[in-house]
Amino acid sequence: MLGAPERLTTELARLVHLTDAHVMDASSPARVPFLARLGPPVQSTFRPQEALTAQVLHGAINATRAQRPELVIQGGDLIDNDQHNELEHALALVNGGRVHLGSGPDGYHGVQLPTDPDPFYYRPEIDPPRHPGMLTRAVRPFTSPGLGSDWVPILGDHDALVQGELVANAVTQSLAVGDRALWDMPSGLRLPAGMKLSSAGSSDGPPDPAFVASFVQQALAGPTVRVPPDSARYELTFTEVIGRMWDGSRAAAQPLLSGACTASSSERLDYARDVGDALRVIALDLVRRGGGSGGLIQTEQPVWLKQQLASAGDRWVIVVTHQPLEDATGAEPVFELLDHAPRVIAALAGHTHRNRIIPRETAAGGYWLITTCSLIDFPQQCRALHIYATASGGVAIRTWMLDHVGNGPLGTISRELSYLDAQGARAMHFSGTHFDRNATLFRGAAA
């Protein structure tokens, strides 16, 4: 504990942290679902519920709207595979409007078709639990109400890297827009001896981009499946992703803008956003420009962070990243700053797909390390965070998890499949303990 429980007084800010939606083009030939056969740590390259990511995000938007937040933090990995069509679908969902899903002329053409003879992949038409027509309904257009609130983006590895690992290149680009898909395991393909997740703890892919690159090259030498091509699947550069996310979020937020929003650079998605007079949100972009899912602190980021902390004045501060700071390479200067900043109350992250709340005690009063589970894996929730002043001049974060709601049978099916997924998050206890989900976190007055 960082402070004794006491009476809450004024509500200072109302936030929602919505992260790791992984809005996916499940028909994309640039995917590598066959790697899931190898088990951990690459089991997440196929999920039985992966065709329903847009519907789950729709339900999370409904739950978020009911909270009437002042700011929604889209915590990264909004999309799954760095594709233009995925990002357009995701932005239509969060900003509101008609969402046209699927890709190619057939709507869905992936490994879950009943015509695929491979029983490794869940095929809803023929495998239990049977859901006839699920894939057809999954790609039907629908209208999203949008968040209805100001929102800001955090850059995740899957937003700007192929499979969250690789910088887009000629090979991956030709796969994405082409008509050759890799569904089957090439003969003789094996995991390298002793392979395990990196210290970044990502549940979304292997620890080394060279691993996927090597496997794709081997797979292309073997059998492929013909699929309908779609030029809208093209992969995006970092500049394109950042520009589209920033413009999309600002376009949605501008009528509701109530505080300053300043970015450090157009090349990185670092920015500070004030929520009223009581809270500053500082976002740091930790995505590796050379590839790899783990977080990386750039040399200039602590300098910029120090400026934002100093100019926050009497506001409380929450620092937000996609990858948790404690797992990021080069994070020592950032922790040095945060540990000596008396008004920092939380470091918020996603990426691990796991709910977790850990107190970090410091001489300046301490702060909470908070991660939020994903929308793609069980328990498919987002996190509400209401910030309150306390009677003694301190602060409290009241936080709880929000289920996705109002998205009809497909939302229910996705939750069911994510729960049943034998290689999925339920088996790995990603929902966390009761303290990691719903809690009131007290922090004493600033020194």
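The values are calculated or read from the model by the stated rules, or taken from the named source; none is laboratory data. Please read these numbers as outputs of a predicted model, since none were measured by experiment. Cβ coordinates were reconstructed from backbone atoms using ideal geometry, including for glycine residues, and neighbour counts include every protein chain displayed. Heads up: the accessible areas ignore ligands, DNA and RNA and are worked out on the full protein's heavy atoms, side chains in. Shrake-Rupley method; radii C 1.70, N 1.55, O 1.52, S 1.80 Å.
From the list A384, A391, which one is modelled with pLDDT of 95 or more, closer than 25 Å to G3 by Cα, among the small types (G, A, S) and within 17 Å of the chain's Cα centre (by Cα)?
A384
Is one or more of the residues making up region 4-13 among the β-branched types (V, I, T) and either within 19 Å of L417 (Cα to Cα) or touching a helix residue (DSSP H, G or I) at 6+ places or on another chain (Cβ under 9 Å) (or both)?
no
Could you list, in sequence order, the residues of region 327-359 that are more than 29 Å from D80 (Cα to Cα) and among the small types (G, A, S)?
Hit for region 327-359 is A341, nothing else.
Out of Y234, Y271, report the one residue that is touching a helix residue (DSSP H, G or I) at 6+ places or on another chain (Cβ under 9 Å), at pLDDT 90 or above and open to solvent by 40 Å² or more (accessible area, probe 1.4 Å).
Only one candidate passes the filter, namely Y234.
With respect to V317, is the statement that it is modelled with pLDDT of 95 or more, among the β-branched types (V, I, T) and in a strand (DSSP E or B) true?
yes
Any idea how many residues of region 99-140 are within 15 Å of V23 (Cβ to Cβ), modelled with pLDDT of 95 or more and surrounded by fewer than 21 Cβ atoms within 10 Å (Cβ to Cβ)?
1
Does region 316-346 hold any residues that are closer than 18 Å to A445 by Cα and crowded, with 20+ Cβ neighbours inside 10 Å, and which are they?
W316, V317, I318, L338, A341, R343, V344, I345, A346, listed by residue number.
With the condition kept exactly as written, say whether any residue in region 411-420 is closer than 22 Å to P153 by Cα and either open to solvent by less than 20 Å² (accessible area, probe 1.4 Å) or out of contact with any Leu (no Cβ under 6 Å at 6 or more places or on another chain) (or both).
no
Failed condition for L375, given (1) modelled with pLDDT of 95 or more; (2) assigned to a loop (DSSP other than H, G, I, E, B); (3) open to solvent by 10 Å² or more (accessible area, probe 1.4 Å), with all others met?
So the condition that L375 fails would be (3).
Quick check on region 37-72: of everything there that is assigned to a helix (DSSP H, G or I), open to solvent by less than 30 Å² (accessible area, probe 1.4 Å) and hydrophobic (A, V, I, L, M, F, W, C), which residue is nearest to F142 (Cα to Cα)?
Restricting to residues being assigned to a helix (DSSP H, G or I), open to solvent by less than 30 Å² (accessible area, probe 1.4 Å) and hydrophobic (A, V, I, L, M, F, W, C), the top hit is A54.
If the requirement is being assigned to a loop (DSSP other than H, G, I, E, B) and more than 23 Å from the chain's Cα centre (by Cα), which of these qualifies: A396, A341?
Testing whether each residue is assigned to a loop (DSSP other than H, G, I, E, B) and more than 23 Å from the chain's Cα centre (by Cα) leaves just A341.
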